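Peer 1: My questions all concern the structure below.
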Amino acid sequence: NTDFGERPPRVAAMHDALLIDSDGGQLPVVITDISARGFRLRTSETLMIGEKVTLRTEKYGDFAAQIRWALGHQAGGAFLEPAKLA
């Protein structure tokens, strides 16, 4: 029973993934940390804040998400539904 204000634990990661934007464009990214609610990644391009994307991972599958912040070659996003990473 988690208080809504608590952040789920973030797990440091180094997973290659694919970010698919709303136009279907695909961009290779590296997930650098992940939790049930969101992720941080490294990318070669600056991402659009607010854009809805699909984060495709070999290990966990596809996740609908929204980019929440972007700074240079780093960005963070929130999953539209809590991610099950088991």
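The values are calculated or read from the model by the stated rules, or taken from the named source; none is laboratory data. Owing to the predicted nature of the structure, the values given are computational and were not obtained by experimental measurement. No Cβ is skipped: glycine too gets one built from the backbone with ideal geometry, and neighbour counts run over all protein chains shown. Note: areas computed on protein heavy atoms with side chains; ligands, DNA, RNA excluded. Shrake-Rupley method; radii C 1.70, N 1.55, O 1.52, S 1.80 Å.
Peer 1: What's the ranking of 70-82, 31-43 by average number of surrounding C-beta atoms within 10 Å, highest first?
Peer 2: The peptides rank, most packed first, as 31-43, 70-82.
Peer 1: With every protein chain kept in place and ligands, DNA and RNA left out, what is the accessible area per residue of the chain? Probe 1.4 Å, answer in Å².
Peer 2: Using a 1.4 Å probe on heavy atoms only, each residue of the chain averages 66 Å².
Peer 1: OK, next. Could you sort 52, 59 by their accessible area in this structure, using a 1.4 Å probe and putting the largest first?
Peer 2: Sorted by accessible area, descending: 59, 52.
Peer 1: I've got another one for you. Please state, as a whole number in µm²/s, the translational diffusion coefficient that the Stokes-Einstein equation yields for the chain at 25 °C and 0.890 mPa s, with Rh defined as the Kirkwood radius across alpha carbon pairs.
Peer 2: This corresponds to a translational diffusion coefficient of 190 µm²/s.
Peer 1: In the chain, what percent of the accessible surface is made up of carbon and sulfur (1.4 Å probe, ligands and nucleic acids excluded)?
Peer 2: Reported share for carbon and sulfur atoms: 51 percent.
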